[in-house]
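Enquirer: Take a look at the following structure, please.
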There are 2 protein chains.
Amino acid sequence: MSASRLNFRLDAQAAGSRARAATFQTLHNEVVTPLFMPVGTQATVKAQLTRTLEEAGSQIVLANTYHLLLRPGPEVFRQLGGIHRFMSWDRSVLTDSGGFQIFSLPHSRSMSEAGAVFQSYLDGKTILLSPELSIETQKTMNSDIMMALDRCIASTADEATAREAMAMTHRWAARSLAARGDSAQSLFAIVQGALLSELRRESAARLTEMPFDGFAIGGLAVGEGKSEREDVCEFTAGLLPNDKPRYLMGVGTPLDILEAVHRGVDMFDCIIPTQVAQRGAVFTSRGYLQMKRGVYKFAEEQLDAECECPTCTRYSRAYLHHLAKSGETLGWQLLGKHNLYFYHQLMREIRESILAGEFLELYHRKREFLHESDLDNPTRLPKPPRKRALRLRNYEVHIAREGFASMRHIASGEIMHSRTEPMEEARRLYVEQSNLAERVRDRTMEKLVVWDVGLGAAANAMAAIRCYEEQAKTAPTRPMRLVSFENDLDSLQLAF
Amino acid sequence: MSASRLNFRLDAQAAGSRARAATFQTLHNEVVTPLFMPVGTQATVKAQLTRTLEEAGSQIVLANTYHLLLRPGPEVFRQLGGIHRFMSWDRSVLTDSGGFQIFSLPHSRSMSEAGAVFQSYLDGKTILLSPELSIETQKTMNSDIMMALDRCIASTADEATAREAMAMTHRWAARSLAARGDSAQSLFAIVQGALLSELRRESAARLTEMPFDGFAIGGLAVGEGKSEREDVCEFTAGLLPNDKPRYLMGVGTPLDILEAVHRGVDMFDCIIPTQVAQRGAVFTSRGYLQMKRGVYKFAEEQLDAECECPTCTRYSRAYLHHLAKSGETLGWQLLGKHNLYFYHQLMREIRESILAGEFLELYHRKREFLHESDLDNPTRLPKPPRKRALRLRNYEVHIAREGFASMRHIASGEIMHSRTEPMEEARRLYVEQSNLAERVRDRTMEKLVVWDVGLGAAANAMAAIRCYEEQAKTAPTRPMRLVSFENDLDSLQLAF
């Protein structure tokens, strides 16, 4: 076999970024990057038909050697001719090695040079997962890309521990290569070294000397903070060869992926899209939505107006809310399907922007957006000022002797509503007298526009918003828009 | 509105049976009977897309007023324009009244002439489910067929209890009709009366005086035996008018349905097809299969060779076995989908046989078959002789003084293998020396044929079968066929 089983080709390299677009060829299909791989732990992506994955544009599915070794077991794959036929999927499969599961799963285990000894959670049998058994199992599954068994540790481990685990990973990598032999399946090594640059450098140098078909950045997303992860990712990606795929294992949210693409990574896998679906959450063009929230109870509109997935084209937010609240598995299926479409669509957009020389622009635009939480029904302002100070430029919160809070204009020293409870006054004078609650409930009317001309200390505005939120909790409402001629919203932000 | 909202038309009446084929028109589609309605308790048929139901041929889906009253609540249906749009289903919906849930669910309740008082299992709120609230809720859902709230009791109740409940059911039926008013939605009454013919007669007479659009047989499948159920079903169906649909609520297995069609019933609903799927079981042309059984671990063939559903055309028994063993919801989805196809296909065959004047023939053929359990891998003989006698025509089991069993030919008095343990001898002499285990494991070969020329006391045959079963438990095997020139298999049956 050639040393380059994947025939990797760099299609474009973004300017001002390490982001890159590439193409490679597996035993089953041509794959374009950057690439997200759905996780099919038990040879099934949670609650999804393989037909759905095809329609969503999945190119590679990840399967777990650790779980599939225990059940159904290698003999089944051997008899049935590999995992593709078994799970009815004719695009690519990447099999992990079991290294991460040995590290993370709570079954009694001991580690030695030979491999990891653990007890099967199914029948209690003791199993030695050696680099050779891992590769043998992955060969039986006939996956397109195999991973070498690695020795995974907490990313925050001390240097001595990290060095020892890294050295064992390197020896296991060599044994994995030997075990692969002349199989046509590709094999990736996994760079370790915790958060220590010197070790990462050494690990990358040692592993890239060997004829692997690609390299993974392992040992991240296991204890460190986000910025540490991004730094180590960027540093490590920079140590890897340009002409092989780079794979960041187990990461992450859409934003995490965007950040890692920017730092030079090509491939990703993560359980997040299907896992959050089971909890009732989705990624959309209107931000990250938790569908169990009461605000969706009457929401007739589609889940994501900008999405053309089967969930968005057929079902309303109200119905998906109902399924999520009822814990129905159809909800997991529909929300998970949408999330997979969202991830794949994001990867396609990223790739197109790299090819078009516009990645940095997309990066900055998406970065602002991808961390947003539900733009339609925000639960908080993006940067709540409350925790920092009770003061914002020309305004500050004033606590009256009577105990209630109101607003002081710092320049003039004027305290608005200094002797009466301002919210109570606003409620009585403006909200009740205007019949706002009733008008908000009247869905036969168009959007309700409230003019709060001077804004002042924002008490009237806050009272109107509270009234609206009260109503929205119990029944569907018409949209409300609050308009002011004030050019300074500081008092309203403080009041929030 | 006309008294006959459904425009019911009898298409054919089977000869020698009460089975009938009919057509009626709901607010959404033309419906042909006999008819099975999948159950969508929470406005979703468990784990199934509405697209799947359409493709499987579902004509009406049943939804539960009790559950949907509590969540999402009538206000959601009112705002979103009914249940069809809510769940994205544009064929018919039948809504039950909540009567059965009040009877069967374990939440504190009290019953009075006004209705049933119970506590919501969601928020503990006390709710009075009156006939009027039931109809009002069903009107809000805009279902095609509404059910009148009935007073359900155990079918084995004494006459006084049954009479009182029946009388209340009749008064509630009248109130339900009044509450329906001139709505275009159809309304069915539910005949009660436990297992007592006199009460059933009275209930049918009283209810059929009122202008209902159809009649259900209620209060069955709640404690009585199978033959009692069939008798009461037949008796009650005979009391109902010919020109309206007859609906047996909550029944049942494919065989139960076939029996009830034979007794004159047109409509059925049941959770069985999706419920057994969740437990890993399916109805197929090879009988009722429990997919968790180890015999399917290596089974490459499709679930049901005679079925063209999406599950059967794409997935192997081995994969479905794996999903069932792993408890993956994709398994519930795939097995449930097949079961729904199976039910609908059965109903189509029944209808065609009625129209072709061949129902009785189909009835006898299907009746023999539909109770079968896994013809490919039987776990027992259809009629195990063991429980009745240790004797079959010319053979009997003989217990030797040494404690082991062997076979006596009654006519001659000859005891075969009277002084040595016959199974042990057969194992040593024939199974081990022929290397049977090894040859069974050799899948490169064609079917293995074992000639047991004389059969005798069937010890050798039994030893060969045991050897095969042992091997099949641990690895895939080649098929084995046992052939004998003996024209009398009694000894083998006894040995089983």
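Each reported figure results from applying straightforward, stated rules to the coordinates on display, with no laboratory input. None of these values were measured; they are calculated from a predicted model. Cβ sites come from the backbone with ideal geometry, for glycine too, and all protein chains shown count toward neighbours.
Enquirer: Applying 1/(1 + (r/R0)^6) with R0 = 45 Å to the Cβ-Cβ distance of A:F404 and A:D158, what FRET efficiency is obtained, to the nearest 0.05?
Expert: Numbers: r = 54 Å, r/R0 = 1.19.
Using R0 = 45 Å, I get an efficiency of 0.25.
Enquirer: Enter the mean number of other protein chain beta carbons within 10 Å of the beta carbon of each residue in A:323-336, as an integer. Numbers along the way, then the final one.
Expert: Details: counts 4, 0, 4, 8, 1, 8, 10, 13, 2, 2, 6, 2, 0, 1.
What the average comes to for A:323-336 is 4.
Enquirer: Report relative contact order for the stretch B:166-211 in percent, whole number only (criteria: Cα-Cα under 8 Å, sequence separation at least 6).
Expert: Numbers: 26 pairs, mean separation 19.2, N = 46.
The value is 42 percent.
Enquirer: Further question on the same structure: Identify the residue of chain B whose Cβ lies closest to the rotation axis that maps chain B onto chain A, and give that distance in whole Å.
Expert: Taking the axis that maps B onto A, the answer comes out as B:T329, 2.
Enquirer: Taking Rh as the Kirkwood radius, which is the inverse of the mean 1/r over Cα pairs, what is the Rg/Rh value for the protein assembly as shown?
Expert: Taking Rh as the inverse mean 1/r over Cα pairs, Rg/Rh reads 1.04.
Enquirer: Using the Cα centre of the stretch A:9-270 as origin and beta-carbon charges of +1 (Lys, Arg) and -1 (Asp, Glu), tell me which of A:A160, A:V117, A:I190 is placed farthest towards the positive end of the dipole.
Expert: A:V117
Enquirer: For A:I60, which sequence-distant residues (separation of 5 or more, or a different chain) have an amide H within less than 5 Å of its own amide H, given hydrogens modelled in the peptide plane?
Expert: Excluding prolines and chain starts, which carry no amide H, there are no hits.
Enquirer: To continue, here is another question. Give the share of C-alpha pairs in each 5 angstrom bin for the stretch A:44-113, from 0 to the last occupied bin, in whole percents, shortest bins first.
Expert: 3, 14, 23, 22, 16, 12, 6, 3, 1
Enquirer: Between A:A12 and residues 5 or more places away or on another chain, which pairs have amide H atoms under 5 Å apart, with H built 1.01 Å from N, and which residues are they?
Expert: For A:A12, the qualifying residues are A:A21.
Enquirer: Applying the Karplus parametrisation 6.51 cos²θ - 1.76 cosθ + 1.60 with θ = phi - 60° to the phi angles of the stretch B:298-309, what ³J(HN,Hα) value in whole Hz is obtained for each residue in order, glycine and proline being reported as x?
Expert: 10, 6, 6, 6, 6, 3, 9, 4, 9, 10, 10, 6
Enquirer: Let me confirm one metric for peptide B:66-79, namely the mean number of other chain beta-carbon atoms within 10 Å of its residues' beta-carbons.
Expert: On the way: counts 0, 1, 1, 0, 0, 4, 8, 2, 0, 5, 8, 1, 3, 8.
Per residue, the number of nearby Cβ atoms from other chains is 3 on average.
Enquirer: A follow-up question, please. Amide H neighbours of B:A216 under 5 Å, counting only residues 5+ apart in sequence or on other chains, H built in-plane at 1.01 Å?
Expert: Sorted by chain and number, the residues that satisfy this are B:A189, B:I190, B:V191, B:Y247.
Enquirer: How many angstrom lie between the Cα centre of the stretch A:269-294 and the Cα centre of the stretch B:140-192?
Expert: 43 Å
Enquirer: Among rounded, prolate and oblate, which fits chain B when a ≥ b ≥ c are the square roots of the eigenvalues of its C-alpha gyration tensor, a/c under 1.5 means rounded, and a/b larger than b/c means prolate? Spell out each step's value before the answer.
Expert: Numbers: a/c = 2.45, a/b = 2.01, b/c = 1.22.
Prolate, since a/c reaches 1.5 and a/b exceeds b/c.
Enquirer: Check each of the trypsin sites (Lys or Arg not before Pro) in the stretch B:84-152 and keep only those in coil by DSSP with at most 10 other C-beta atoms within 10 angstrom; list them in order.
Expert: Details: sites: B:R85, B:R91, B:R109, B:K125, B:K139, B:R151; in loops: B:R91, B:K125, B:R151.
Passing both the DSSP loop test and the Cβ count: B:K125.
Enquirer: Please say if the stretch A:347-496 is rounded, prolate or oblate, where rounded means a/c under 1.5 for a ≥ b ≥ c the square roots of the C-alpha gyration tensor eigenvalues, and otherwise the choice is prolate for a/b larger than b/c and oblate otherwise?
Expert: In terms of gyration-tensor shape, oblate.
Enquirer: Taking each residue of B:40-50 in turn, how many C-beta atoms of other protein chains fall within 10 Å of its C-beta, and what is the average?
Expert: Working: counts 2, 2, 8, 6, 9, 2, 3, 6, 3, 9, 3.
Across B:40-50, the average partner-chain Cβ count within 10 Å equals 5.
Enquirer: Under 8 Å for C-alpha pairs, at least 6 residues apart: give me the relative contact order for the stretch B:9-270, rounded to a whole percent. Working shown, then result.
Expert: Working: 512 pairs, mean separation 47.9, N = 262.
The normalised contact order for the stretch B:9-270 reaches 18 percent.
Enquirer: Going by the alpha-carbon gyration tensor, a ≥ b ≥ c the square roots of its eigenvalues, is the stretch B:143-268 rounded (a/c under 1.5) or, if a/c is not under 1.5, prolate (a/b greater than b/c) versus oblate?
Expert: Details: a/c = 1.82, a/b = 1.22, b/c = 1.49.
It is oblate, given that a/c is not under 1.5 and a/b is not larger than b/c.
Enquirer: Relative contact order for chain A: what percent, with Cα pairs under 8 Å and sequence separation of 6 or more?
Expert: The value is 13 percent.
Enquirer: In addition: Using a label point 7 Å beyond Cα on the Cα-Cβ vector, give me the inter-copy distances for A:H371 in nanometres, one decimal, shortest first.
Expert: When each copy's label point is compared with this one, the spacings are 6.8 nm.
Enquirer: What whole number of Å gives the distance from the Cα centroid of the stretch A:441-475 to the Cα centroid of the stretch B:1-54?
Expert: With the stretch B:1-54 and the stretch A:441-475 each reduced to a Cα centre, they are spaced 48 Å.
Enquirer: So, one more: Each residue of the stretch A:319-329 in turn: what ³J(HN,Hα) in whole Hz from Karplus with 6.51, -1.76, 1.60 and θ = phi - 60°, glycine and Pro shown as x?
Expert: 5, 5, 4, 4, 5, 5, 5, 7, x, 6, 5
Enquirer: Next question. Report the Cα-based extents of the stretch A:1-106 along its three principal axes, largest first, to the nearest Å.
Expert: 46, 35, 31
Enquirer: Calculate, for B:R171 and A:E469, the FRET efficiency according to 1/(1 + (r/R0)^6) with r their C-beta to C-beta distance and R0 45 Å; round to the nearest 0.05.
Expert: Numbers: r = 45 Å, r/R0 = 1.00.
Once rounded, the FRET efficiency stands at 0.50.
Enquirer: Which trypsin sites (Lys or Arg not before Pro) does the stretch A:405-496 hold that lie in a coil by DSSP with at most 15 other beta carbons within 10 Å?
Expert: Details: sites: A:R408, A:R419, A:R427, A:R428, A:R439, A:R441, A:R443, A:K447, A:R466, A:K473, A:R481; in loops: A:R419, A:R443, A:K447.
Answer by residue number: A:R419, A:R443, A:K447.
Enquirer: Can I ask one more? May I ask you to evaluate 6.51 cos²θ - 1.76 cosθ + 1.60, the Karplus curve with θ = phi - 60°, for each residue of the stretch A:468-479 and list the ³J(HN,Hα) values in order in whole Hz, giving x for glycine and proline?
Expert: My calculation for the stretch A:468-479 gives 4, 5, 4, 5, 5, 5, 9, 7, x, 10, 8, x Hz in order.
Enquirer: Would you compute, from DSSP H runs of 4+ residues alone, the mean residue ellipticity of chain A at 222 nm, taking -39500 (n - 2.57) per run and dividing by the full residue count, rounded to the nearest 500? Display every interim value, and only then the final one.
Expert: On the way: 19 runs with 191 residues, N = 496.
Dividing the helical sum by the residues of chain A leaves -11500 deg cm²/dmol.
Enquirer: Given 0.36 nm per residue, what is the gain on full extension from B:N7 to B:A305 after removing their alpha carbon distance, in nm? If you can, show how the numbers build up before the last one.
Expert: On the way: separation 298, 0.36 × 298 = 107.28 nm, distance 3.90 nm.
Gain on extension, B:N7 to B:A305, equals 103.4 nm.
Enquirer: A further question on this structure: Taking a label point 7 Å out from Cα toward Cβ, give me the nm distances from B:L390 to the same spot in the other copies, shortest first, one decimal.
Expert: Copy-to-copy label distances at B:L390, shortest first: 9.3 nm.
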